[in-house]
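K.L.:
Take a look at this one; I'll ask things after.
The values are calculated or read from the model by the stated rules, or taken from the named source; none is laboratory data. If you're wondering where the values come from, they're calculated on a predicted model, not measured in any experiment. Cβ coordinates were reconstructed from backbone atoms using ideal geometry, including for glycine residues, and neighbour counts include every protein chain displayed.
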Amino acid sequence: MRLLLDENLSRRMVPFLQAHYPGSSQVVLAGLEQKSDLEIWKYAKEHGFTIVTKDSDFQVLSLLNGAPPKVIWLRIGNTNKANVIRILTERCDAIASAIADAQVHCLEVG
């Protein structure tokens, strides 16, 4: 279960997520800085990532295109990196279930 953090999430979080989400990355680390949402979507699909974002853009793409990739939409407002890491690690089981469920295209985490 690999996560691809959107540009609106710090790349500094990636090392802290590796224990729960090995092989995860962030769009800048993946060479996707300044790329369109559709290009990031295609990259995630081709490389087996689940997109994690705080924006609704990828949720809309999931409605239009279905999965893969799956989307985790963080509906948590402005918060610090430690809180985002805590949320993602504490909800690892729920995220894994959503990723495994063919009916779920976007998981909203609040």
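K.L.:
Considering each of V28, V60, V14, V52 in turn, give the residue that is closer than 17 Å to G110 by Cα and either more than 11 Å from the chain's Cα centre (by Cα) or not charged (D, E, K, R) (or both). Even if it seems obvious, please write down each step before you answer.
P.N.:
Values: V28 fails: closer than 17 Å to G110 by Cα; V60 fails: closer than 17 Å to G110 by Cα; V14 fails: closer than 17 Å to G110 by Cα.
The unique qualifying residue is V52.
K.L.:
I've got another one for you. Being more than 17 Å from A100 (Cα to Cα), surrounded by 12 or more Cβ atoms within 10 Å (Cβ to Cβ) and out of contact with any helix residue (DSSP H, G or I) (no Cβ under 9 Å at 6 or more places or on another chain) is true for just one of E46, E39, E7. Which residue is that?
P.N.:
Result of the check over E46, E39, E7: E39.
K.L.:
Here's another thing I want to ask about it. For region 63-71, check the following and say yes or no: at least one residue is part of a helix (DSSP H, G or I), free of Cβ contacts under 8 Å to residues at least 12 places away in the same chain and not β-branched (V, I, T).
P.N.:
In the first step, residues of region 63-71 are kept if they are part of a helix (DSSP H, G or I); the result is 63-65.
Going one step further and asking which of them are free of Cβ contacts under 8 Å to residues at least 12 places away in the same chain, we end up with 64.
Then drop every residue that is not not β-branched (V, I, T), which leaves 64.
Within region 63-71 (the criterion being part of a helix (DSSP H, G or I), free of Cβ contacts under 8 Å to residues at least 12 places away in the same chain and not β-branched (V, I, T)), the answer is yes, since at least one residue qualifies.
K.L.:
Also, quick follow-up: Among the candidates E33, E90, which residue alone is of a type in the set (D, E), more than 21 Å from H105 (Cβ to Cβ), loosely packed, with under 13 Cβ neighbours inside 10 Å and touching a residue at least 24 places away in the same chain (Cβ under 8 Å)?
P.N.:
E33
K.L.:
Answer with yes or no whether E39 is within 11 Å of the chain's Cα centre (by Cα), under 22 Å from H105 (Cβ atoms) and outside any strand (DSSP E or B).
P.N.:
So E39 fails the test.
K.L.:
On to the next question. Would you confirm whether any residue within region 55-73 is of a type in the set (S, T, N, Q) and surrounded by fewer than 18 Cβ atoms within 10 Å (Cβ to Cβ)?
P.N.:
Yes - at least one qualifying residue is present in region 55-73.
K.L.:
Please go through (1) at pLDDT below 95; (2) polar (S, T, N, Q); (3) in a helix (DSSP H, G or I) for T79 and return the number of the only condition it doesn't satisfy.
P.N.:
(3) is the only condition that T79 fails.
K.L.:
Any residue in region 9-22 that is over 20 Å from C92 (Cα atoms) and not small (G, A, S)?
P.N.:
Taking every residue of region 9-22 in turn, none turns out to be over 20 Å from C92 (Cα atoms) and not small (G, A, S).
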